[in-house]
Amino acid sequence: MTNSMNKPPIWFWILSVLALIWNALGVQKYLQQAYNTEGFRASYTTEQLALMDSTPAWATAAFAVAVFGSVLACILLLLRKKLAKTVFLIALIAIIVQMGYGLLIAKNYEVLSSFEVTMSIFVPIIGLLLYLFAKRSAEKGWIN
């Protein structure tokens, strides 16, 4: 590991911006669900809405930590702050808690579409990759 700041390659910036956009979409989904918008309710079946309405507060809190934490981590990454790595880790833990609840406890795969179930598996993978990206960026001295 190096103490000096190294100039990151162009793909660092591209990936960081794409990660910010991806996670901003997560914030949008959270806000739609939290505010229970008409557009949100119109895109789900009665069974799916009942499942979401029965989600405990701790799982909803994990959702909030996951999406807002991920956006914050992306901003820190763009500012080249090493704290991004820690924030990505916290967000990843929240993602695992949220998705673990949905898949293992609520068994949401019984009522969600195959796309939504796939996203429930894909999102933690993206969260892990972003954490590893931040970790590698710190090791390379791109963030400090």
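Where a number appears in this text, it was derived from the coordinates with a stated rule and is not lab data. Small disclaimer: the values here were computed from a predicted structure and weren't measured. Glycine also receives a Cβ, built like all others from the backbone with ideal geometry; neighbour counts cover every protein chain displayed.
Charge dipole of the stretch 24-139 (Cα centre as origin; +1 on each Lys and Arg Cβ, -1 on each Asp and Glu Cβ, all else neutral): 700 debye, rounded to the nearest 20.
Size descriptors for the stretch 24-139, from the alpha-carbon set: Rg then Dmax equal 14.8, 48 Å.
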